[in-house]
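**Q** Below you'll find the structure I mean.
The values are calculated or read from the model by the stated rules, or taken from the named source; none is laboratory data. Computed from a predicted model, the values in this text were never measured in an experiment. Positions of Cβ are backbone-derived with ideal geometry, glycine not excepted, and every protein chain shown enters the neighbour counts. Keep in mind that these areas ignore ligands, DNA and RNA; they rest on the heavy atoms of the full protein, side chains included. Shrake-Rupley method; radii C 1.70, N 1.55, O 1.52, S 1.80 Å.
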Amino acid sequence: MLLFLSCIAVRMNLCFTSIHSSLKMLSVNGHFEFDKVQFAARDFGNRYQYYPAAVLHPSSVSDIAMTIEHIWKMGPRSELTVAARGHGHSLHGQAQAHQGVVINMESLQDPQMQVHTRNLTYVDVSGGELWINILHESLKHGLTPKSWTDYLHLTVGGTLSNAGISGQAFRHGPQISNVHQLEVVTGKGDVVSCSKEQNSDLFYGVLGGLGQFGIITRAKILLEPAPTTVKWIRVLYLDFTTFSSEQELLISAENTFDYIEGFVIINRTGLLNNWRSSFNPQDPVQASQFKSDGKILYCLELAKYFHHTEDNIIDQEVTRLLSRLSYIPSTLFISEVTYVEFLDRVQVSAVKLQSKGLWEVPHPWLNLLIPKSKIKKFAEGVFGNILKETSNGPVLIYPLNKSKWDNRTSVVIPEEEIFYLVAFLTSAVPFSRGNDSLEYILAQNMRILEFCRTANLGAKQYLPHYTTRNEWQAHFGPMWETYVQRKKAYDPLAILAPGQRIFQKAKSLS
């Protein structure tokens, strides 16, 4: 047995030595890291750790193309795979590559970001650029991207590989609906420019493609004139049917708010007092007297964008829009902030959690897309039944318009014209044995998924995670064959994004 284990150890050492020497031969402008690779084996989910053999810090697109082409030419005899890692915000190790090569996309900054305003207004950025930096740069020109995620400290390539949604998506669609052009490095090492008109199959495949068909190295993101100020509003409901129907009314109206989200509050006390630090109640006396009596509350979160010179007009507009709603009157909370403060609001909480050491905990998040016709049944089965409290993370719920999504992309969404995002953004407390433990939350997630299946809700996972090929095939449904064909065309050896666990590295080219 000792001899056998020694042989394995020797073989592995020889293998790693061979990999190192092979990659060191590449004339990259950046550099490979072979020792300090621990950071690439962790992500925000903080549940999976797969150590790579090397990390590439590229300084140019050619570094990425050269590395992938080298691994492609090694053929099936090599087990090397490649994962692109942005800001490390994946949840299930999707940006990791066990004994493979992780590409640190944040190293890719050249050429620098450029805003274009002739004919078409867009910003040309690296796939490793953070959205917060794009916001600041575009605002210098009085412009802004149309669609956002709630958290801006994510890379362009990362969000475009999924979809990128937030409270603006009902109007502008997800971020993948607002891309003019992409530069992609395929699984063969080819550098390809693609758009709706040029290499369109790759363009649509990569958008929401979970990194399976190519690495996004550059993107041209569409822009629009930027506001300066935001009326930020929260109101509460006790009745889910009223809450959801009024969300649907707002996202379907022509003149409405610019941002519409909602969240569920279960067994939370002192909520209104907490809000007073950043929100002002319209009627402080009534607000202080409001008691939820342990009931489930539904919060509608709204924003109206404007220029600071339009104060009087915007107040009238907000009053008009709110007059159509049936929220609990004493729970109207309004704040006025800058556009940047509103969009970057989650970072304030992130910094607080980081300072308390609570950012590096497991995040067993579950994100679902639920058809409108089944959302009430979902709410009845999950809120207050499976879900007993929301003290360890928010539960988001808001509707989206299918017409704003392009069905040629790789993202899977429900068939109905209106569907809901429901996001359970939980954090697990290390060493806990209670209902905030990792085991409890994972079991709760499984109960929610099982309920969706047995109740035949037609739910789809957003930021999907499955462990078997059959589950992935069921997830994609009729799109599966197209997905497989695109994989064969652009990454036939299945070199890219092994952490998604959709395809395994090919043993042959047949």
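**Q** Is it the case that some residue within the stretch 146-161 is assigned to a loop (DSSP other than H, G, I, E, B), under 30 Å from D35 (Cβ atoms) and out of contact with any Gly (no Cβ under 6 Å at 6 or more places or on another chain)? Let's see the steps before the verdict.
**A** Step one: of the stretch 146-161, the residues assigned to a loop (DSSP other than H, G, I, E, B) are 146-154, 161.
From the residues that got through so far, the ones that are under 30 Å from D35 (Cβ atoms) too are 153-154, 161.
From what's left, out of contact with any Gly (no Cβ under 6 Å at 6 or more places or on another chain): 153-154.
Taking every residue of the stretch 146-161 in turn, at least one turns out to be assigned to a loop (DSSP other than H, G, I, E, B), under 30 Å from D35 (Cβ atoms) and out of contact with any Gly (no Cβ under 6 Å at 6 or more places or on another chain).
**Q** Is there a residue being within 23 Å of Y490 (Cα to Cα) and at pLDDT below 95 anywhere in the stretch 79-97?
**A** yes
**Q** Select from the stretch 405-450 the residues that are in contact with a helix residue (DSSP H, G or I) (Cβ under 6 Å, 6 or more places away or on another chain) and basic (K, R) and list them in ascending order.
**A** R408
**Q** Among the residues of the stretch 121-140, are any farther than 21 Å from G211 by Cβ and free of Cβ contacts under 8 Å to residues at least 12 places away in the same chain?
**A** For the stretch 121-140, residues farther than 21 Å from G211 by Cβ and free of Cβ contacts under 8 Å to residues at least 12 places away in the same chain: absent.
**Q** With the structure loaded, tell me whether L91 is touching a Leu at 6+ places or on another chain (Cβ under 8 Å) and part of a loop (DSSP other than H, G, I, E, B) or whether it fails that test. Break it down into steps so the answer makes sense when it comes.
**A** Numbers: touching a Leu at 6+ places or on another chain (Cβ under 8 Å): yes; part of a loop (DSSP other than H, G, I, E, B): yes.
Judged against the criteria, L91 is a match.
**Q** From the list L222, L210, which residue is at positive phi, open to solvent by 10 Å² or more (accessible area, probe 1.4 Å) and touching a residue at least 12 places away in the same chain (Cβ under 8 Å)? So that I can check it myself, show each step before the final result.
**A** Working: L222 fails: at positive phi.
Result of the check over L222, L210: L210.
**Q** Is it fair to say N392 is in contact (Cβ under 8 Å) with a residue 40 or more places away in the chain, surrounded by fewer than 20 Cβ atoms within 10 Å (Cβ to Cβ) and touching a strand residue (DSSP E or B) at 6+ places or on another chain (Cβ under 9 Å)? Reasoning before the result, please.
**A** Numbers: in contact (Cβ under 8 Å) with a residue 40 or more places away in the chain: yes; surrounded by fewer than 20 Cβ atoms within 10 Å (Cβ to Cβ): yes; touching a strand residue (DSSP E or B) at 6+ places or on another chain (Cβ under 9 Å): no.
No: the conditions fail for N392.
**Q** Looking at this structure, is G357 in a loop (DSSP other than H, G, I, E, B), modelled with pLDDT under 95 and under 21 Å from the mean Cα position of the chain (by Cα)? Break it down into steps so the answer makes sense when it comes.
**A** Numbers: in a loop (DSSP other than H, G, I, E, B): yes; modelled with pLDDT under 95: yes; under 21 Å from the mean Cα position of the chain (by Cα): no.
Answer is no for this residue.
**Q** While we're on this one: Just to check your reading of the model, which residue among N456, N401, N435, N445 is under 26 Å from Q96 (Cβ atoms) and of a type in the set (S, T, N, Q)? Spell out how you get there, then give the answer.
**A** Numbers: N456 fails: under 26 Å from Q96 (Cβ atoms); N401 fails: under 26 Å from Q96 (Cβ atoms); N435 fails: under 26 Å from Q96 (Cβ atoms).
So the residue among N456, N401, N435, N445 that is under 26 Å from Q96 (Cβ atoms) and of a type in the set (S, T, N, Q) is N445.
**Q** Output the qualifying pairs, or none if there are none: Cβ atoms under 9 angstrom, residues six or more apart or on different chains, first residue in the stretch 490-510 and under 19 Å from G88 (Cα atoms) and among the β-branched types (V, I, T), second residue open to solvent by 30 Å² or more (accessible area, probe 1.4 Å) and assigned to a loop (DSSP other than H, G, I, E, B).
**A** That search, which allows pairs on different chains as well, returns nothing.
**Q** Looking at (1) closer than 17 Å to N46 by Cα; (2) surrounded by 15 or more Cβ atoms within 10 Å (Cβ to Cβ), which one does L369 not meet, given that it meets all the others?
**A** Of everything listed in (1) closer than 17 Å to N46 by Cα; (2) surrounded by 15 or more Cβ atoms within 10 Å (Cβ to Cβ), L369 misses just condition (1).
**Q** From the list Y483, Y420, Y398, Y490, pick out the single residue that is closer than 30 Å to G75 by Cα, in contact with a Phe, Trp or Tyr (Cβ under 7 Å, 6 or more places away or on another chain) and open to solvent by less than 20 Å² (accessible area, probe 1.4 Å). Even if it seems obvious, please write down each step before you answer.
**A** Values: Y420 fails: closer than 30 Å to G75 by Cα; Y398 fails: closer than 30 Å to G75 by Cα; Y490 fails: open to solvent by less than 20 Å² (accessible area, probe 1.4 Å).
On inspection, the qualifying residue turns out to be Y483.
**Q** Would you mind telling me which numbered condition in (1) open to solvent by 10 Å² or more (accessible area, probe 1.4 Å); (2) touching a strand residue (DSSP E or B) at 6+ places or on another chain (Cβ under 7 Å); (3) more than 30 Å from M66 (Cβ to Cβ); (4) assigned to a loop (DSSP other than H, G, I, E, B) N255 fails?
**A** In the conditions (1) open to solvent by 10 Å² or more (accessible area, probe 1.4 Å); (2) touching a strand residue (DSSP E or B) at 6+ places or on another chain (Cβ under 7 Å); (3) more than 30 Å from M66 (Cβ to Cβ); (4) assigned to a loop (DSSP other than H, G, I, E, B), N255 misses (2) alone.
**Q** Are any residues in the stretch 106-127 of a type in the set (A, V, I, L, M, F, W, C) and open to solvent by less than 10 Å² (accessible area, probe 1.4 Å), and if so, which ones?
**A** Going through the stretch 106-127, the residues of a type in the set (A, V, I, L, M, F, W, C) turn out to be 108, 113, 115, 120, 123, 125.
Selection gives L108, V123, V125.
**Q** Only one of (1) acidic (D, E); (2) in a helix (DSSP H, G or I); (3) within 18 Å of G262 (Cα to Cα) fails for E389. Which number is that?
**A** Condition not satisfied by E389: (2).
Results for (1) farther than 30 Å from G93 by Cβ; (2) exposed (fewer than 15 other Cβ atoms within 10 Å of the Cβ); (3) of a type in the set (K, R); (4) touching a Gly at 6+ places or on another chain (Cβ under 9 Å), shown as yes or no for each residue.
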residue: S323; (1), (2), (3), (4): yes, yes, no, no
residue: D344; (1), (2), (3), (4): no, no, no, no
residue: G357; (1), (2), (3), (4): no, yes, no, no
residue: P362; (1), (2), (3), (4): no, no, no, yes
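**Q** Continuing with the same structure: Name the single residue that is farthest from A65 (Cα to Cα) among those in the stretch 178-206 being among the polar types (S, T, N, Q) and open to solvent by less than 40 Å² (accessible area, probe 1.4 Å). Spell out how you get there, then give the answer.
**A** Step one: list which residues in the stretch 178-206 are among the polar types (S, T, N, Q), which gives 178, 181, 186, 193, 195, 198-200.
Now drop any that are not open to solvent by less than 40 Å² (accessible area, probe 1.4 Å), which leaves 178, 186, 195.
Numbers: N178: 26, T186: 8, S195: 19 Å.
The qualifying residue farthest from A65 (Cα to Cα) is N178.
**Q** Among the listed residues R501, R408, R433, identify the single one that is open to solvent by 20 Å² or more (accessible area, probe 1.4 Å), within 28 Å of G393 (Cα to Cα) and at pLDDT 95 or above.
**A** Numbers: R408 fails: within 28 Å of G393 (Cα to Cα); R433 fails: at pLDDT 95 or above.
Result of the check over R501, R408, R433: R501.
**Q** If you don't mind, there's one more thing I want to ask. Starting from the stretch 245-267, take each residue that is aliphatic (A, V, I, L, M) and list its partners that are surrounded by fewer than 16 Cβ atoms within 10 Å (Cβ to Cβ) and in a helix (DSSP H, G or I), counting only C-beta distances under 7 angstrom and pairs at least six apart or across chains.
**A** Listed pairs, sorted by first residue: I265/L271.
**Q** How many residues does the stretch 148-167 hold that are crowded, with 24+ Cβ neighbours inside 10 Å and more than 17 Å from N367 (Cβ to Cβ)?
**A** 3
**Q** Still on this structure, please answer the following. Please determine, by comparing only the residues of the stretch 436-473 that are on the phi > 0 side of the Ramachandran plot and not aliphatic (A, V, I, L, M), which one is most open to solvent (accessible area, probe 1.4 Å). Talk me through it step by step, then tell me what you get.
**A** From the stretch 436-473, those on the phi > 0 side of the Ramachandran plot are 456, 458, 463; that's our starting set.
Next, from what is left, pick out any that are not aliphatic (A, V, I, L, M): 456, 458.
Numbers: N456: 112, G458: 43 Å².
Checked the stretch 436-473; the qualifying residue most open to solvent (accessible area, probe 1.4 Å) is N456.
**Q** Kindly indicate whether any position in the stretch 211-220 is over 24 Å from T482 (Cα atoms) and of a type in the set (D, E, K, R).
**A** Our first condition is that a residue be over 24 Å from T482 (Cα atoms); within the stretch 211-220, this holds for 218, 220.
The next check asks that each one be of a type in the set (D, E, K, R); those that pass are 218, 220.
Yes, some residue in the stretch 211-220 is over 24 Å from T482 (Cα atoms) and of a type in the set (D, E, K, R).
**Q** How many residues are part of a strand (DSSP E or B) and either closer than 27 Å to V340 by Cβ or polar (S, T, N, Q) (or both) if we restrict to the stretch 183-235?
**A** Applying the first criterion (part of a strand (DSSP E or B)) to the stretch 183-235 yields 183-185, 191-195, 215-225, 229-235.
Narrowing further to those that are either closer than 27 Å to V340 by Cβ or polar (S, T, N, Q) (or both): 193, 195, 216-225, 229-235.
The total comes to 19.
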